[in-house]
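Enquirer: Okay, here's the structure, questions in a sec.
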Amino acid sequence: MTTVNYYVPNISCQHCVHTIVNELSELPGVHSVNADTISKQVVITFAPPATEEAIIKLLTEINYPPKN
């Protein structure tokens, strides 16, 4: 399993957290998703078939693009 941590500046409320967790949890291979409104961090644990590229693509599609 792989764990990644992204800074997502668009997280502003619990609705944002709920959307991110629900959307990413539907991606096959994603085991856990945690998002925080204060740090604006999203931590995702996943295994194949999920990939970092697929996670970033989905976050971007739902208007929560991660920043470096």
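Enquirer: Among the residues in segment 30-41, are any over 16 Å from ILE56 (Cβ atoms), under 9 Å from the mean Cα position of the chain (by Cα) and not in a loop (DSSP other than H, G, I, E, B)?
Expert: yes
Enquirer: Of all residues in segment 13-29, which are free of Cβ contacts under 8 Å to residues at least 12 places away in the same chain and outside any helix (DSSP H, G or I)?
Expert: GLU26, the sole residue that qualifies.
Enquirer: For segment 42-68, name all the residues that are at pLDDT below 95 and assigned to a loop (DSSP other than H, G, I, E, B).
Expert: Matches in segment 42-68: ASN68 only.
Enquirer: Report every pair of residues separated by at least 6 positions or lying on different chains whose Cβ atoms are under 9 Å apart, first residue within segment 40-55 and of a type in the set (S, T, N, Q), second assigned to a loop (DSSP other than H, G, I, E, B) and surrounded by fewer than 16 Cβ atoms within 10 Å (Cβ to Cβ).
Expert: Listed by first residue and then by second, the contacts come to THR45/MET1; THR51/GLY29.
Enquirer: Would you confirm whether or not segment 21-33 contains a residue that is within 18 Å of LYS67 (Cα to Cα), at pLDDT 95 or above and loosely packed, with under 13 Cβ neighbours inside 10 Å?
Expert: No.
The values are calculated or read from the model by the stated rules, or taken from the named source; none is laboratory data. Computed from a prediction, not measured in an experiment: that's the story for all the values here. Cβ coordinates were reconstructed from backbone atoms using ideal geometry, including for glycine residues, and neighbour counts include every protein chain displayed.
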